[in-house]
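Undergrad: Pasting a structure below so you can have a look.
The values are calculated or read from the model by the stated rules, or taken from the named source; none is laboratory data. Nothing here was measured: the structure is a model prediction, and the numbers come from that model. In this analysis, Cβ positions are derived from the backbone assuming ideal geometry, glycine residues included, and neighbour counts consider all displayed protein chains. Calculation scope for accessible area: heavy atoms of the full protein, side chains included, ligands and nucleic acids excluded. Shrake-Rupley method; radii C 1.70, N 1.55, O 1.52, S 1.80 Å.
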Amino acid sequence: MKRLTITVAMLLSMFIAATTISAQELGNLETYAENELGAAVEPVIKLFGSLAGAGLVNTADLHGIAGFEVGIRGNLSFVPDKYKNSGPLNGVDVVGLPLLQASVGLPANIEITGRIFNMAVSDDTDGNVTVIGGLVKYGLFQAPLLPKISIVVAYHALMTPDEYDFGTFSVFSLKGYVSHNFLFFTVYGGAGIDRASSKISLAQTANSSNSFEKTYSESSTNGTVGLTVSPFPFIKANADYSFGNFKSLSFGLSLSFR
């Protein structure tokens, strides 16, 4: 148990450290003209879509009725070179998002999951980043001893401090997963789409004294491959890699009663 506690502490420390990004690093949108905002916010919206849409599952298998799982997830998204040399993501290489996550099995081949995260961005920024999300996993094929297939629909709301100028993000995800159990480990993979949106409200831009408000949306397709292991009864650890516009890694540790 002591070893497990140390592992959890190390995971949390790693993702909290990766999430500490100052408002200065993400830039100030008021420096952009109105006709330049679309290109400026595109990578940031895609980034948060990648973060919120990662690590949704650790298997396509469902929990039984009243079966449940609680644990932590940590998502790391890597900023492509074309975005990190200029614009709001200038100088940012990787962004992390830790999440507390809980799932419960329901009748009719359904499992629901809630996810939450709240943390101060940095010592230089007032306010917190808050993520509240939920997902529904439906088992398309759940026959014993055969690969499992599920569809996942998820929605996340991400609130940022006023210094970021982005307001509230919304991320809608639709994905399909397949997995197969092999004794003490499970191999899983999937593909789908994340659509992220944000309403930008500025009192003025660099080239205009008029107020400005507009909603921007970006969609990104991605694929995922992952591995879940169960080194002890009811304990599951997983890691997966997602490839798309933003590459990402996701890690998880959970207590699971199927």
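Undergrad: How many residues does region 235-258 hold that are over 20 Å from T113 (Cβ atoms), among the aromatic types (F, W, Y) and in a strand (DSSP E or B)?
TA: 2
Undergrad: Still on this model: So which of G74, G96 ends up being touching a Leu at 6+ places or on another chain (Cβ under 7 Å) and more than 18 Å from S254 (Cα to Cα)?
TA: Among G74, G96, only G96 is touching a Leu at 6+ places or on another chain (Cβ under 7 Å) and more than 18 Å from S254 (Cα to Cα).
Undergrad: Looking at region 238-254, which of its residues are among the polar types (S, T, N, Q) and open to solvent by less than 60 Å² (accessible area, probe 1.4 Å)?
TA: N238, S242, S248, S250, S254
Undergrad: Consider region 138-181. How many of its residues are charged (D, E, K, R), within 30 Å of G38 (Cβ to Cβ), surrounded by fewer than 22 Cβ atoms within 10 Å (Cβ to Cβ) and at pLDDT 95 or above?
TA: 0
Undergrad: Kindly check whether there is at least one residue in region 39-59 that is exposed (fewer than 15 other Cβ atoms within 10 Å of the Cβ) and under 25 Å from T215 (Cα atoms). Steps first, answer last, please.
TA: Taking region 39-59 and keeping what is exposed (fewer than 15 other Cβ atoms within 10 Å of the Cβ), we get 39.
Among the residues that remain, those that are also under 25 Å from T215 (Cα atoms) are: 39.
Yes, some residue in region 39-59 is exposed (fewer than 15 other Cβ atoms within 10 Å of the Cβ) and under 25 Å from T215 (Cα atoms).
Undergrad: Same structure again: Restricting to region 74-85, give me the number of residues that are under 24 Å from T228 (Cβ atoms) and either in a loop (DSSP other than H, G, I, E, B) or open to solvent by 10 Å² or more (accessible area, probe 1.4 Å) (or both).
TA: Residues that pass the stated criteria total 2.
Undergrad: Take the residues of region 86-106 that are out of contact with any Asp or Glu (no Cβ under 9 Å at 6 or more places or on another chain) and outside any strand (DSSP E or B): which is least open to solvent (accessible area, probe 1.4 Å)?
TA: S86
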